[in-house]
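The values are calculated or read from the model by the stated rules, or taken from the named source; none is laboratory data. Remember, it's a predicted structure, so these values are computed and weren't measured experimentally. Here the Cβ is made from the backbone with ideal geometry for all residues, glycine too, and neighbour counts use every protein chain on show.
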């Protein structure tokens, strides 16, 4: 039954307003057992001269946040295509990666070096992306299967993995990886 | 700047209303770059005779959803305490677990059997729980470190793991586990 | 889809608020093709110190209007029971009745006299009451079947009639009657 | 005192919004004794990307309902002009008419036949139309005076009648007629 | 914390809406100790067919009130420039002035005559204008320093004064003056 | 026409809510030419668990501001009664007074001394108090007539005065006085 009315300054894109409504719908229904068809979100847009906080009116809407899951997808695509400069464009200055065995690296070039003695090639297919919204960051989880070619030239496939990314201010702050490579192939 | 007004039937607990407000705050701020101190949520409660949808008035609020992360914590505590009957109380009828190596099991008893040839004891410490709200289910991710005692009697510790749970209608529908046990200890 | 929020001073009965919500629901859906299950009415009650119009705050809610159809039913019951004093209590000072043949009367006693040379007894059964809300009055239509005993002692039944009442300020201002008595029995 | 705020998707005509406001005003004031000048209706229009119910946003407003009384007027005009094809366009498939004496017909052509042995010509003048809004249909009552020419060539006039129409989904579902023809002229 | 939502008919200028928001902000914060940055005013504009009071819709917004302090400034400028016709344009028909010694005058020409035996020239500098909003009028206070030249040719300066104006319907209804001229220069 | 809805945390007194409504009514009508009887303020109170700003919910309403004009009246009464300790309780630490001739003092005792060579006794009658709300302070103007007894034992009366007070955080920050004493009595 809940009815949610959002008052926003005008100028946000259709995409942002629809995405906000979807996310509010889910946030509400994760909290109370409200029927989906009875959960309504309406966004009331007001002009810049019709909104004042703290005695100041606003001139324009703030920026829209990129969809964190899409940002991660785009980064992963760049990595898949071995376009390191593009991939680095997604990273925060203090980006850090952690791989199985708790190996920590900061540079994508390090990662490439690290992988060399492990496999000739690897590719990921994704089953699902989940976003978890925090106060200052969104966490993105994605998981699926690895396939590739070992150093011995043998193909491997269907190996489970999961990645966790923290997205803050439109940049990836960290990546943490777990997978079954050691489980399946031996360390 | 956004102002979000929720109209709810009266009767939800303080906890539910505060949790809803927090989640809406995060959902909104994950979508637009709104300053935290300018994001306001107000909940307007109306009595049962003051709410009508579809020509019908309501008698009482619907149930509150359990906090999915807490549900997972409670299940994990029961497992830690080897209280299988209590742990089973958290599971949906068609609950399924998936462990490293893509091993799939349905019963907690199976899990106990499966673990026997792998280690004598294992304990988990958690770094963090993340919730991701979907249309019909909430996904909970938690990760941290495993410690325990191997079959050879040697202690192991600080081994990375991550669990993923789907919580639907107040029950755990599935659990998926990734960890570094094979990476660190050999398969 | 429409969402209707009514701000009312607190103190109206549950019945009044539910009835208002039903009537608004119908008023809206008679105007636009809104799905019933998507039409929501919420009533937001404010205390007497929280409502000001024209620089004046209010002390209490105004009276509730009687349900016009019920008022008519009660009058008709009193008439059926030949309780003229009670029936007269429902009538406005300038009440006027009009019967088939455009016969106009002002007093219930006149009506009794008028009926004497027409039938020994008459009773009404009602199929339906309809209310039509105007700016200052509600019109009530009710129709059904007459049965009774003619002057010749023969029973008659199943004779169509319709009554129209104007209800203003909680009193019946007029009654207009059409029926098939002449059609069926001859004048 | 009541203040009624309607949230609607943008795109409804001025006529629909004014009519809705008038009808809500009357619905409210038929329920509580609110002063006319203190009864306010405001319609808040939101764009298609600013409205979500059940997790879905809407593309456009639904259709507006025809004004039921006008639909009846148009039908009656077509009948008056003996334009049967046009008149039939207003009728639901299962339309049924009931005339004095409880005569029931389904086709306008039947009605013409039925009237032939009753009068040479008949015309109606209307005093008033009343609408009563139900959950799925609007009932329209109209009444006034019949005049015409009897089979004997004599003019008759000033004969009371009342019609009742059920309007559902923009079509006339039924018509019920009461009048004084038999009362005045003899059966 | 308060959130104030104003529903206005569309068409008021940006200036009027910003000014209204500022004044409401101050009115609220003069009443409760609300933090400035938590006080939000949003203006929701509705079209002329989306607003109905007393069963009537509106065609256009009413006029905006001139800023009373500015009106007073403009009058004072005209006086300073000895442009009496322009200055008189600001005055209500029954305008009355009161000067030290409780001298009352109605015409600006009288004032000029009255001043002649008092000083050769006088000029005002203003430190501040304050507006006080009443039910039907706004009172403007302004104060500052007088300087000029006495009849004896000697300059005087830095003499305290305060003016009080009642502004009603866009015209000055009265002016009341207090100053230190007698205190400083002797009567 | 404007409709103003204030959302407040519950717990403010009736007085505060009525005063706020009055002040908002005046603030709005000083800005646009809205009819008094069409200007409506409703206050919607929400509980402490139903209000969140910046991700934090509130426990209780903030303090109510004293009515600045009443504070000034109370101070003036204490002065009239020569109750200096009570009068000093109204003053901010850096309180400063300015009297005709631009005499500045900080202590009430100084004022008493200063007055001694000027008159034996003085009393004020007040015609009116006006409040002007600023961002951080309310200015109060009051004016009326002085009467008293001169050093020569002669009574004086009906001498115009005006006082200006700045009220900040519930204390008087300054007082500025203009009057006709010199004008009327000679310096």
Might you check whether a residue that is surrounded by fewer than 20 Cβ atoms within 10 Å (Cβ to Cβ), over 30 Å from residue D:35 (Cβ atoms), facing chain D (nearest Cβ under 9 Å) and at pLDDT 95 or above occurs anywhere in the stretch C:133-144?
no
Consider residue E:100 against the criteria (1) surrounded by 15 or more Cβ atoms within 10 Å (Cβ to Cβ); (2) without any contact (Cβ under 8 Å) to a residue 60 or more places away in the chain: it satisfies all of them except one. Which criterion is unmet?
(2)
Tell me, yes or no, whether the stretch B:100-122 has at least one residue that is at pLDDT 95 or above, farther than 25 Å from residue B:181 by Cβ and in contact with a helix residue (DSSP H, G or I) (Cβ under 9 Å, 6 or more places away or on another chain).
no
(1) within 19 Å of residue C:139 (Cα to Cα); (2) touching a strand residue (DSSP E or B) at 6+ places or on another chain (Cβ under 7 Å); (3) without any contact (Cβ under 8 Å) to a residue 24 or more places away in the chain all hold for residue D:165 apart from (3)
Might you check whether a residue that is modelled with pLDDT under 95, within 14 Å of chain C (Cβ to nearest Cβ), in contact with a strand residue (DSSP E or B) (Cβ under 6 Å, 6 or more places away or on another chain) and outside any loop (DSSP other than H, G, I, E, B) occurs anywhere in the stretch F:11-21?
no
Pick from the stretch D:167-177, criterion out of contact with any helix residue (DSSP H, G or I) (no Cβ under 9 Å at 6 or more places or on another chain) and under 21 Å from residue C:176 (Cα atoms), ranking: surrounded by the most Cβ atoms within 10 Å (Cβ to Cβ)
D:176
Reported set for the stretch C:30-41 where residues are surrounded by 23 or more Cβ atoms within 10 Å (Cβ to Cβ) and either facing chain B (nearest Cβ under 8 Å) or in a helix (DSSP H, G or I) (or both) is C:40, C:41
List the number of the failed condition for residue F:44; all other conditions in (1) more than 10 Å from chain C (Cβ to nearest Cβ); (2) touching a helix residue (DSSP H, G or I) at 6+ places or on another chain (Cβ under 8 Å); (3) surrounded by fewer than 22 Cβ atoms within 10 Å (Cβ to Cβ) hold.
(1)
State the number of residues belonging to the stretch F:103-125 that are in a strand (DSSP E or B), without any contact (Cβ under 8 Å) to a residue 24 or more places away in the chain and over 26 Å from residue E:146 (Cα atoms).
1
Go through (1) in a strand (DSSP E or B); (2) farther than 30 Å from residue B:25 by Cα; (3) within 22 Å of the chain's Cα centre (by Cα) and name the single condition residue A:131 misses.
(2)
What number goes with the only condition from (1) out of contact with any strand residue (DSSP E or B) (no Cβ under 6 Å at 6 or more places or on another chain); (2) surrounded by 20 or more Cβ atoms within 10 Å (Cβ to Cβ); (3) within 14 Å of chain D (Cβ to nearest Cβ) that residue E:52 does not pass?
(1)
I'd like the full set of residues that are within 19 Å of the chain's Cα centre (by Cα) and away from every other protein chain (no Cβ under 14 Å), limited to the stretch D:88-106.
D:88, D:89, D:90, D:91, D:92, D:93, D:94, D:95, D:96, D:106
Mind telling me which of the residues B:27, B:68, B:34 ends up being more than 23 Å from residue C:18 (Cα to Cα) and out of contact with any helix residue (DSSP H, G or I) (no Cβ under 7 Å at 6 or more places or on another chain)?
B:68
Among (1) out of contact with any strand residue (DSSP E or B) (no Cβ under 9 Å at 6 or more places or on another chain); (2) exposed (fewer than 14 other Cβ atoms within 10 Å of the Cβ), residue C:182 falls short only on (2)
When you go through (1) in contact (Cβ under 8 Å) with a residue 40 or more places away in the chain; (2) over 24 Å from residue A:163 (Cβ atoms); (3) touching a helix residue (DSSP H, G or I) at 6+ places or on another chain (Cβ under 9 Å); (4) within 14 Å of chain A (Cβ to nearest Cβ) one by one for residue B:156, which number turns out not to apply?
(1)
Filter the stretch E:1-25 down to the residues that are under 21 Å from the mean Cα position of the chain (by Cα) and within 24 Å of residue B:36 (Cα to Cα) and list them by number.
E:18, E:21, E:22, E:24, E:25
Expected single match for at pLDDT below 95, away from chain B (no Cβ under 14 Å) and either in contact with a strand residue (DSSP E or B) (Cβ under 8 Å, 6 or more places away or on another chain) or more than 30 Å from residue D:55 (Cβ to Cβ) (or both) among C:2, C:63, C:85 is C:63
